[in-house]
Amino acid sequence: MSVITTKGLTKRFGKVEALRGIDLTVEQGEVYGFIGPNGAGKSTTIRVLLGILRASGGTAHVFGRDCWHDAVGIHERIAYVPGEMNVWQNLSGGEMIDLLVRMRGGSDRGYHDELVERFDFDPTKKCGSYSKGNKQKIALIAAFSSDADLFVLDEPTSGLDPLMELVFKDCVQKVKAAGKTVFLSSHILSEVEQLCTRISVIKEGCIVDSGTLQEMRHLTRNSVTVTTRTDPATVLDGLQALVGVHAAKVLNGQIFFHMDNNATASVMGYLTSQGVEYLTSTPPTLEELFIQHYNQ
Amino acid sequence: MASQTLAKCGQTLRFILRLDRVWLPVWLVGCLVLALATLQLFPGFAQTEEELTVFGEMLKNPAVVAMCGPAYGDGITFGIMYTQMMLVWTACLVGIMNVLLVLRHSRRDEEEGRTELIRSLPVGKASSLTALLVVATASNLVIALVTAAGLTAQGVEGVDLAGSLVYGAALGGVGLVFAGLAMLFAQLASTTRGAMAFSLGALLVFYLMRAAGDMGGDAEVLSYLSPLGLALRSFPYFDNNWLVVLALVAVAAALVVLSYVLSVRRDQGAGVLPQRRGRSRAGRLLNGQVGLYARQLRWVVLAWATGVLFCGAGYGSVFNDMESFYNSNPMIQALMGATGTDSYSMMMSVISTLMTIVACIAVVPVVTCVLHLRAEEGKGRLELVLSRKQSRVAALVGSIGIALFVAVLMQLVAAVGTWAAATLAMGYDAIGIDVFLITCINHLPALLLFAGLAAALYGIAPRLTPLVWVLLVYSFMMIYLGGFLDVPQWAMDLAPFSLLARYPAEEFELVPFVGLLLGFVVLSAVGVVCFRRRDLR
């Protein structure tokens, strides 16, 4: 069963169209990446999924239930980490963690103390005096110590230092291993690349691409570096005549070019005939995919 | 060095004015309209010389003295009458304006991280505070001058320029003292809430000090120690005592200097008073919305309950003086006797009025308990709650429930406080606690109606909620001045309190009591239904 399904989801604020037909399907047990730049509609989508905002059109279901009408019932099985953590200044960090866990209604898995230690968090300070990263830890500890079925994480690592990011990634791996579903919104692509099985890219309120990282790479180009026995200038001319080769150039006797994945066979055949000495081919990083989408 | 600490002060000043280009004029015009429009009403109170003399005797009534200030002068004039009835309340309003003005540009900016942003620019350490000081001083100067000009220009008999200047200057002086006080508390407390609580608490204490001091005797020194009591002792239109104004300005200057010293010595973002450490795990009570909100509101409620207790006690303690005032004043006896009133029924009428004023004060914490949801929503914390297994209905109904509890608490405290003080002052249980309890319970539906209205407005659109405060100020004006003026009945009835029977001066009536309760329920329901349908900000 799909955990999250939205169909043609739209949201208008006055005249501004924040979401323009979002279709999402997140399956049980997967870690789903939701990437896009600031203001693309990531948080708006999440706020609709949580029943904080009411959709202007389309449908949004979590666990097969309507996000707006069944919000409270759905929340019992959700752990949510907001992008910007707003705290009650006069509560201590420890009190706020307990409050958040208790208000969800589910049970504490008993990981509280372990998480407080792993995240190196001092729970006795007043919330108002925590730094951004420490406020974020409150939300993370409250989320990961609960036994939710769906973890909705909205840019959860903003403000965390690299060590704490490792702890976070480990927490995500653990809940994934336990068969839970994770919906991770982020613009830190390395994080998404390492954790997520499937990805959607959102741009100006529309999903512009989605699939597994593998599938998305198939649609794109590899970067190739090659040296040949034949004179590079000649090879360059030959390459440029082939379909599926882009931005070819020679630098210090090496040939650099981008290659469409479906042109691999013909390009390799040609290069072999020119006597390949050395060749590397790297798949695009998510960064490159992302930049490719956003420059269109 | 001096140019370093004050770098970019001018720009900061213009920035404050830009931010407050609506807020500040609204407050200034509001204060001035209130001060000026009321003078117009006074000649209507007493048309003949004789009526004026009787009115003068009425103003010596201990209840009036406790509420407003001492009677003074050789003979009564409209100027003196106006000062005694209006100066303290207008000064309180000006004081609140100054506290809000100062805190919004000092501690609140600092708490929300804006000061840090400004201070990272080439702006001097003392620039913000200095710019704020200039704005506050200028505002109070405007209030002083325009009030003086406005009062004189109306050409009411007995309201001359010299007296009006002192009146305006006393108002401005009180404003400056509260600006200084708020600046000091902004340095001491590390949160806006704390600084606000200290400042408004000081206002209440100063009011009660002068209420006690104005009753005369050895206690009068208390009035001199309170800026409100001191302002009254400028005796406008009689002594025109400018020394008092100088004293107020001197006190303000001392407070400002102290604030500067503290502000340049302490760390940005911190208060002088240390932050306490908290518990590492939450207690049992902190387990849901009601627990959370109760925890957030407990100190506010406690502070207001104390205020209501003292206010009730302050009024209760004058009943003894009132009885002797009646017995020793043949003119009042003749006047009251003509309308068939004796000292007991006069007392009942005064109880009704004073307890309504106390109930008006109690409305503030009741409405605050509902509207704190608005603050929670604005600060993004309601989202945090509602993304858990918590419903919107529970959020609003829970807050209304807390408001209901607080309303009952406030009225009980008011009844017990007034009764206890009256009994102590008179030496025997002259009036009976049942009278006070029924009076306060009678007012309960009106308090709740305000809570219901707050809930309805919040549910419909949070930006409409200030209308509740407008209705409260209007109701207060109707109670305070409505009796003296020929206000049409429909205008009186817009104030929820006026719809209820004036117990104990009149018989208790069930119909308006139940009617207002129904109004509360309906408004609350409207609020809940609308709140369920709208987006969260």
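Where a number appears in this text, it was derived from the coordinates with a stated rule and is not lab data. In this text, all values refer to a predicted model and were calculated from it rather than measured experimentally. Here the Cβ positions follow ideal geometry from the backbone for every residue, glycine too, while neighbour counts run over all protein chains shown.
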Give, rounded to the nearest 20 debye, the magnitude of the charge dipole that the protein assembly as shown has about its Cα centre when Lys and Arg contribute +1 at Cβ and Asp and Glu contribute -1 at Cβ.
-> 2280 debye
Jot down the radius of gyration and Dmax of segment A:93-185, Cα atoms only, both in angstrom.
-> 12.4, 36
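With a sphere of radius 15 Å drawn around the Cβ of B:Tyr315, what net charge do the other residues whose Cβ falls strictly inside it have (Lys, Arg +1; Asp, Glu -1)?
Summing Lys/Arg as +1 and Asp/Glu as -1 gives -2.
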Net charge contributed by nearby residues that have their C-beta within less than 15 Å of A:Gly39 (K/R +1, D/E -1) = 0
For chain A, built as a Gaussian network whose Cα springs stay under 10 Å, the top-fluctuating residue of A:Asp237, A:Asp98, A:Asp149 = A:Asp237
Once every DSSP H run of n ≥ 4 in chain B is given -39500 (n - 2.57) and the sum is divided by its residues, what mean residue ellipticity at 222 nm do you get, rounded to the nearest 500 deg cm²/dmol?
-> -25000 deg cm²/dmol
Which value, in debye to the nearest 20, describes the size of the charge dipole of segment B:338-467 about its Cα centre when Lys and Arg Cβ atoms bear +1, Asp and Glu Cβ atoms bear -1, and nothing else is charged?
-> 780 debye
Relative intensity, log₁₀ I(q)/I(0), of segment B:240-285 from a Debye sum that treats every alpha carbon as a point, q = 0.22, 0.29, 0.30 Å⁻¹ | -0.83, -1.02, -1.04
Give a quick list of GluC sites (Glu not before Pro) in segment B:95-144 that DSSP marks as loop, anything other than H, G, I, E or B, with at most 12 other Cβ atoms within 10 Å.
-> B:Glu112
Residue exposure sequence - A:Val245, B:Val177 - by fewest surrounding Cβ within 10 Å = A:Val245, B:Val177
Over all directions, what mean area does the Cα convex hull of segment B:1-141 project, stated in square nanometres?
-> 11.3 nm²
Farthest positive-ward along segment A:85-151 dipole, Cα basis, beta-carbon charges - from A:Gly110, A:Gly93, A:Cys127 | A:Cys127
Based on the alpha carbon coordinates of the protein assembly as shown, what radius of gyration and maximum Cα-Cα distance (Dmax) apply, in Å?
-> 34.6, 127
With springs only between Cα atoms under 10 Å apart, run a GNM on chain A and tell me which of A:Thr181, A:Thr234, A:Thr282 wobbles the most.
-> A:Thr234
Is there a simple number for the mean count of other chain Cβ atoms within 10 Å of the Cβ of residues in A:70-76, and what is it?
-> 4
Farthest toward positive dipole pole in the protein assembly as shown [+1 Lys/Arg, -1 Asp/Glu at C-beta], among B:Ala421, B:Trp242, B:Met196 = B:Met196
If you take every DSSP beta bridge whose two residues both sit in the protein assembly as shown, what share of them, in percent to the nearest 5, is antiparallel?
-> 70 percent
Cα-projected label distance for A:Asp147 with B:Val261, points at 7 Å along beta-carbon direction, nm = 6.1 nm
When DSSP beta bridges are limited to those with both residues in chain A, what percentage is antiparallel, rounded to the nearest 5?
-> 70 percent
What value does chain A have for Rg/Rh, both radii from Cα atoms and Rh as Kirkwood defines it?
-> 1.09
When all Cα-Cα pair distances of segment B:286-537 are considered, the percent exceeding 32 Å is 28 percent
Let me know the mean shielding of A:77-90 by other chains, meaning the per-residue number of their Cβ atoms within 10 Å of its Cβ.
-> 4
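How large is the helix-only mean residue ellipticity at 222 nm for chain A, computed as the sum of -39500 (n - 2.57) over DSSP H runs with n ≥ 4, divided by its residue count, in deg cm²/dmol to the nearest 500?
My calculation for chain A gives -10000 deg cm²/dmol from helical runs alone.
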In whole angstrom, note down how far apart the Cα centers of segment B:53-97 and segment B:464-537 are.
-> 28 Å
Cβ-based charge dipole, segment B:286-537, positive-most Cα from B:Val473, B:Cys530, B:Cys440 | B:Cys530
At q = 0.07, 0.10, 0.13 Å⁻¹, what log₁₀ I(q)/I(0) does a Debye calculation on the Cα points of chain B give, no solvent, two decimals?
-> -0.43, -0.89, -1.45
Could you please state, rounded to a whole Å, how far the C-alpha centre of segment B:216-270 is from the C-alpha centre of segment B:109-146?
-> 21 Å
With +1 at each Lys and Arg Cβ and -1 at each Asp and Glu Cβ, the charge dipole magnitude of chain B around its Cα centre, to the nearest 20 debye, comes out at 3920 debye
Just add up the charged neighbours of B:Ser349: K/R +1, D/E -1, any other residue whose Cβ is under 14 Å from the Cβ of B:Ser349.
-> -3
Output the Kirkwood hydrodynamic radius of segment B:71-168, Cα pairs only, in Å rounded to one decimal.
-> 16.0 Å
At most 16 other Cβ within 10 Å, DSSP loop - GluC sites (Glu not before Pro), segment A:42-110 | A:Glu76, A:Glu84
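Let a ≥ b ≥ c be the square roots of the eigenvalues of the Cα gyration tensor of segment B:464-537; is it rounded (a/c under 1.5), or, if not, prolate (a/b larger than b/c) or oblate?
Details: a/c = 3.61, a/b = 1.65, b/c = 2.19.
Oblate, since a/c reaches 1.5 and b/c is not below a/b.
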Between segment B:375-424 and segment A:189-219, how many Å separate their Cα centres?
-> 47 Å
Filter the chymotrypsin sites (Phe, Trp or Tyr not before Pro) in segment B:427-493 to those in DSSP coil with at most 15 other Cβ atoms within 10 Å of their Cβ, and list the result.
-> B:Tyr428, B:Phe484
Could you grab the relative contact order for chain B? Cα pairs under 8 Å, six or more apart, rounded to a whole percent.
-> 14 percent
